[in-house]
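Here's the structure we're looking at; comments come further down.
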Amino acid sequence: MNGVILRWPVPIGTTINAHYYKKVLQDKLRPAIRKKRPGLLESGILFHHDNAPVHTAGAVTDVLAGYKWELLEHPRYSPDLAPCDFHLFPKLKEHLRAQRFETEEDINQATKVAIKNLDKCSYVTAFKDWLQRIEKCANNGGCYVE
């Protein structure tokens with residue numbers, strides 16, 4: 001709820017598989033948490049990602065279990081319940097709309113600026129919205145309806 005911890009642009013041509021995601025968790029996300037939220041790794045992490053096969057692969061779940069992070073369940077077939085999908089990506093699209101980029105680095109820089117300029121209160125709103133969506137899904141027997 002306190003903002004983006006890691007912005008990691010996937011290099012062009014990279015296949016995102018369990019091995020790649022595991023390496024990002026180990027080599028990028030965990031160090032970023034340690035740097036940006038000192039003490040959080042020791043006090044406990046509530047971790048949420050959707051149930052894409054990459055996220056549920058044994059290699060990934062083993063790493064997360066080793067970290068002792070508490071995994072929040074994500075209902076099947078519900079990508080619209082991920083805060084990035086209903087909050088972050090639309091805001092990035094607003095900021096990046098109608099711009100042309102010459103290089104991959106230009107895109108990365110514009111995305112970095114867009115994330116940095118997001119209103120910090122919007123993260124709280126996003127997670128409140130997320131909790132409402134999850135509750136609605138639970139009340140509908142595991143189905144989310146907009």
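Quick notes on this structure:
- Average accessible surface area per residue within the range 74-146, 1.4 Å rolling probe, Å²: 71 Å²
- Residue order for LYS22, LYS112 - accessible surface, 1.4 angstrom probe, largest first: LYS112, LYS22
- Each distinct pair of alpha carbons in the chain adds a 1/r term; the inverse of their mean, the Kirkwood radius, is 17.0 Å.
- Once the chain from GLN132 to LEU41 is taken as fully extended at 0.36 nm per residue, the excess over their C-alpha distance is 30.1 nm.
- Shape call, the range 1-53: gyration tensor on alpha carbons, a/c limit 1.5: prolate
- Amide H contacts of PHE47: GLU70, LEU71, LEU72, each under 5 Å away and 5 or more positions distant or on a separate chain (H built 1.01 Å from N in the peptide plane; Pro and chain starts excluded).
- The accessible surface of the chain, taken with every protein chain in place and a 1.4 Å probe, is 55 percent carbon and sulfur.
- For the chain, the 222 nm mean residue ellipticity estimated from helices alone, with every DSSP H stretch of n ≥ 4 adding -39500 (n - 2.57) and the total spread over all residues, rounds to -14000 deg cm²/dmol.
The values are calculated or read from the model by the stated rules, or taken from the named source; none is laboratory data. Source: prediction; values computed, not measured. Accessible surface areas use protein heavy atoms only, side chains included; no ligands, DNA or RNA. Shrake-Rupley method; radii C 1.70, N 1.55, O 1.52, S 1.80 Å.
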